1. Taking region 181-217 as the region of interest, how many residues are free of Cβ contacts under 8 Å to residues at least 40 places away in the same chain, aliphatic (A, V, I, L, M), in contact with a helix residue (DSSP H, G or I) (Cβ under 6 Å, 6 or more places away or on another chain) and surrounded by fewer than 24 Cβ atoms within 10 Å (Cβ to Cβ)?
2. Going through region 214-244 one residue at a time, which ones are of a type in the set (A, V, I, L, M) and closer than 18 Å to GLU269 by Cα?
3. If you check every pair at least six apart or on different chains, which have Cβ atoms under 8 Å apart with a residue in region 140-165 that is on the phi > 0 side of the Ramachandran plot first and a residue that is basic (Lys, Arg) and buried (at least 18 other Cβ atoms within 10 Å of the Cβ) second?
4. Could you list, in sequence order, the residues of region 38-61 that are buried (at least 24 other Cβ atoms within 10 Å of the Cβ) and more than 15 Å from LEU132 (Cα to Cα)?
5. Does region 62-79 hold any residues that are under 20 Å from LEU132 (Cα atoms) and either outside any loop (DSSP other than H, G, I, E, B) or in contact with a Leu (Cβ under 7 Å, 6 or more places away or on another chain) (or both), and which are they?
6. Search region 22-41 for residues that are in a loop (DSSP other than H, G, I, E, B) and pair each with any residue that is modelled with pLDDT of 90 or more and of a type in the set (Phe, Trp, Tyr) when their beta-carbon atoms are under 9 Å apart and the residues are at least 6 apart or on different chains.
7. Restricting the search to region 179-224, which residues are touching a Gly at 6+ places or on another chain (Cβ under 9 Å) and on the phi > 0 side of the Ramachandran plot?
8. Just to verify a result, which residue in region 234-272, among those that are over 26 Å from SER222 (Cα atoms) and among the polar types (S, T, N, Q), is surrounded by the fewest Cβ atoms within 10 Å (Cβ to Cβ)?
Amino acid sequence: MKRKRNIILVIAALFISLTGMQSCKKPKTAEDLGWKLAVQAWTFNKYSFQEAVEKTKALGLKYIEAYSNQPLGENYAGTTNYNEGPEARRAMKEILEKNGITLINYGVVSADSMAEWKKIFDFAKEMGIQTLTAEPTPEQMDSVGKLCDAYQINIAIHNHPQPSFYWNPDKVLENIQGQTSRIGACADVGHWVRSGLDPVECLKKLEGHIISIHMKDVNEKSPEAHDVIWGTGVCNVKGILEELHRQNFKGVFSIEYEYNWENSIPDIEKSVNYFNKVIASF
């Protein structure tokens, strides 16, 4: 009888220990999932690149996606355009290094010729950019794919709202068939909603081909929809994150907040908090 009681006590203690370990389990973070949260600098297009980088740092983030033609800053000549010379590129690197921010993606870019595409790839290589958010034409896809492999840089095809060429994920899939795995999709979830599509269903269609995300939530299902704090709109941000988790997606989420242009930081902070809250529940 005593032995039986001891066994029961051991089992009970083990159960309490295990449940205690579960309750103390550290919540998941973006890094745990292989997710990087960045700011698409277009969010701060009313400001210079230097200010966009400083605002990214103030948000506690480490990554930025630059776009072409943003002025560098008060004390710097030039812009973020890929055609700028060595001084502008050195200035970009200086601004990034000073603030501890990594330039991870760049776009949205397109080009009229393969010579121009090569300029873009040369710029990306020099700047350490991993992915070009882009909209190459179907006729350019084979040649662009060869550049992707040669430079070891990805192309993530972006979907602007309809009637743009790649507004529907079916069109993206059609044009990346047979291409290098370095060509995939930049899923702009807000633009899908503006085009009347369900972003979760679009992500399912693109499974295995998603390279990066332009993350948004919008206030209504219409072409005129504007950005809102994540989790308060109609994009089903929680469902989007759950679907990407299910797909074991690894990559960059670029915050592209296109509203409250001159005072968007509070909205972005709340969006980041929501993003982290959803992730912690996985």
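The values are calculated or read from the model by the stated rules, or taken from the named source; none is laboratory data. All figures in this text were calculated on a predicted structure; none of them were measured in a lab. As a convention, Cβ positions derive from the backbone with ideal geometry for all residues, glycine included, and neighbour counts pool all protein chains shown.
1. Number of matching residues: 1.
2. MET215, VAL218, VAL228, ILE229, VAL237, LEU241
3. From residues that are on the phi > 0 side of the Ramachandran plot, the pairs are GLN152/ARG182.
4. THR43, PHE44, PHE49, ALA52, VAL53, THR56
5. TYR63, ILE64, GLU65, ALA66, PRO71, LEU72, THR79
6. The qualifying pairs are PRO27/PHE282; LYS28/PHE282; THR29/TRP35; GLY34/PHE249.
7. The one that is touching a Gly at 6+ places or on another chain (Cβ under 9 Å) and on the phi > 0 side of the Ramachandran plot: GLY208.
8. ASN248
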